[in-house]
Amino acid sequence: MAAWPNPWLPLLLVAALLAFEDWLSTPSCSGGSPAPDLAAGDLRAMMVADLMLLGSDATYADRFFRDHVTSKLFTKSIQTTNPDMIIVLGDISARGSEHNESKWIAVLEQFEGILGQYSSLPLHIVLGDKDVGGCSSLDGKLVHRMAKHLPGLDSSGCGAFEISNTSFVSLNAVALLCGDNKLRFSVEKVMEKESHHFQKKRLNGGEHFPLGSENGQGVGAHSWRQNSMTLGSDGTVSDHPSVSPSSKQSGVDGRRIYDRSHTLPANSTQYILQALKPRIIFSAHADSFSDHTHPDGTREVTVPAMTWKKGGMPGFAIATFGQKGVVSVNCCWLVQEWDIMTGYSVFLFLTALAIRWSHWI
């Protein structure tokens, strides 16, 4: 067997590859990367959307390239931003509405594999239109079959949870988008229950954004509030935005024309704002980042898609819920798929060139 002309060359190539992958997978965040350490009582959530995984229908390119690279991107992003939990704002699957229950489970297992060692982080998944289908195919039984595999969701696809004394409500925005249907009425009942609890909590002198040590819960403790929906929300999360990006006052790519059929109707938006009175709303589906303040002062953040399948630059948002109700949001962008393929191609070319040069020496 022929020996390497330079015994150090393999080590140098491996070190160069690791350095290259580390640089390639590091996210670029607005305002710089969030501070690695949080103040006592703060909560940091990683908001991702539109992963559009294929589960058991994934191609070899998906399994051995895209999933591998996406896993590295998640790992580096989590190490860089140090979130306490992960929230998926809909469309975790590319065509979940066409899946049977076993294929839906395969999608969740695929995502668990992508998260790797970080799959133990608290995780909440919101259902989107790619998961449950559009208005013409929206089926309550399908939503129930999917939701029962997602901790914290009820049979209508809504959920509520509390972590580090910050409370969230997640809504099935597809049902609100589709007009009169049984699921829509179920979602409205969820908001009514939350609204009644808010009123009761305010009458009892409760704070709307407790971030201290109430009930002795720290950042690592979380509880799912199923069906009863008895606690108020500090954040509301959904798959569809309440207003279109073209109407937002600020944000990256806010001028892009957006299909208004994928924006919640004005009456649904007002109902959410009046019933829940959240201090911040997180939505997705717009494929771009935007940070908008509604006329009543409610803030809405639209999270970009974390996939290459929509053609744009993938990204995610990091939300830090601080003391006294202050919420800071950083948008983080990831490398495009073409840049990754080009980078690996250039690295392979330089590796082959280095080996030939070593033989020549």
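List of remarks:
- Per residue, the accessible area of region 6-146 comes to 44 Å², computed with a 1.4 Å probe over protein heavy atoms only.
- Cross-link table LYS148/LYS189; LYS130/LYS182; LYS76/LYS277; LYS76/LYS309; LYS277/LYS310; LYS72/LYS310, entries beyond 23 Å C-alpha to C-alpha: LYS76/LYS277; LYS277/LYS310
- Coupling constants for region 294-307 follow from the phi torsions by the Karplus curve (6.51 cos²θ - 1.76 cosθ + 1.60, θ = phi - 60°), and in residue order they are 6, x, 7, x, 6, 9, 10, 10, 9, 9, x, 6, 9, 8 Hz; glycine and proline get x.
- Magnitude of the charge dipole, region 68-185, Cβ model with Lys/Arg +1 and Asp/Glu -1, debye to 20: 140
- The calculated FRET efficiency for the pair ILE355 and GLU101, based on their C-beta separation and a Förster distance of 51 Å, comes to about 0.55.
- The length gained on full extension between LEU18 and HIS294, counted as 0.36 nm times the residue separation minus their Cα-Cα distance, comes to 94.9 nm.
- Sorting 149-160, 100-111 by their mean Cβ neighbour count within 10 Å, with the most densely packed peptide first, gives 149-160, 100-111.
- Accessible surface computed residue by residue for region 284-324, with neighbouring protein chains in place and a 1.4 Å probe, gives 32 Å² per residue.
- For SER290, the amide hydrogen comes within under 5 Å of the amide hydrogens of THR302, counting only partners 5 or more places away or on other chains and with H modelled in the peptide plane.
- For region 81-178, with all protein chains in place and a probe radius of 1.4 Å, 46% of the accessible heavy-atom surface sits on carbon or sulfur.
- Cα-based values for region 70-133, radius of gyration first and Dmax second, are 12.4, 36 Å.
- 3J(HN,Hα) along region 57-66, derived from phi through the Karplus expression 6.51 cos²θ - 1.76 cosθ + 1.60 where θ = phi - 60°, amounts to 8, 5, 7, 4, 5, 5, 6, 9, 10, 5 Hz, with x in place of Gly and Pro.
- Per-selection Kirkwood Rh - region 43-180 (Cα, Å, 1 d.p.): 15.4
- Tensor-based shape of region 304-361 (alpha-carbon gyration tensor, a/c under 1.5 rounded, otherwise prolate or oblate): oblate
The values are calculated or read from the model by the stated rules, or taken from the named source; none is laboratory data. On a predicted model such as this, the values are computed, not experimentally measured, just so you know. Glycine also receives a Cβ, built like all others from the backbone with ideal geometry; neighbour counts cover every protein chain displayed. The protein model used for the area step is the full one, side chains on, heavy atoms only, and it has no ligands, DNA or RNA in it. Shrake-Rupley method; radii C 1.70, N 1.55, O 1.52, S 1.80 Å.
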